[in-house]
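Below: one structure, written as structure tokens.
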Amino acid sequence: MSKTQKEKIQKVKEAKSGIKVIVLSALASEDIVSKSVTAGADYFMAKPYEFSVLKERMDALTEKPEPINKNVYENFHKVS
């Protein structure tokens, strides 16, 4: 996971955006998974993955939606 990817996940979470983060990656080492979760990802899936499993995870994560911060888009793009 690159520094920029980690910063983007953290920025979304710090903004209290209510946005859930699922990391989809071709890499599945223990280190990558750990860094993703530590950065704030709600779930990690490695390729190859079944779309039905991804959909189920998305449904589960959005069952209890949090309020969306209207400024999240602006805050997210401040990371470069």
Residue separation times 0.36 nm, minus the C-alpha to C-alpha distance between V53 and I22: what's the value?
10.0 nm
How large is the Rg to Rh ratio of the stretch 1-66 when both quantities use alpha carbon positions and Rh follows Kirkwood?
0.97
Looking at the stretch 1-65, which chymotrypsin sites (Phe, Trp or Tyr not before Pro) are DSSP coil and have at most 14 other C-beta atoms within 10 Å of their C-beta?
Y49
If I stretch the segment between E7 and Y43 completely, what's the gain in nm (0.36 nm per residue apart, minus their alpha carbon distance), one decimal?
11.3 nm
For labels at D31 and T62 in the simple 7 Å Cα→Cβ model, what's the distance in nm?
3.5
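The numbers here are math on the coordinates, done by the rules we state, and not lab data. Keep in mind the model is a prediction, meaning the values are calculated, not measured. Neighbour counts run over all protein chains shown; Cβ positions are idealised from the backbone, glycine included.
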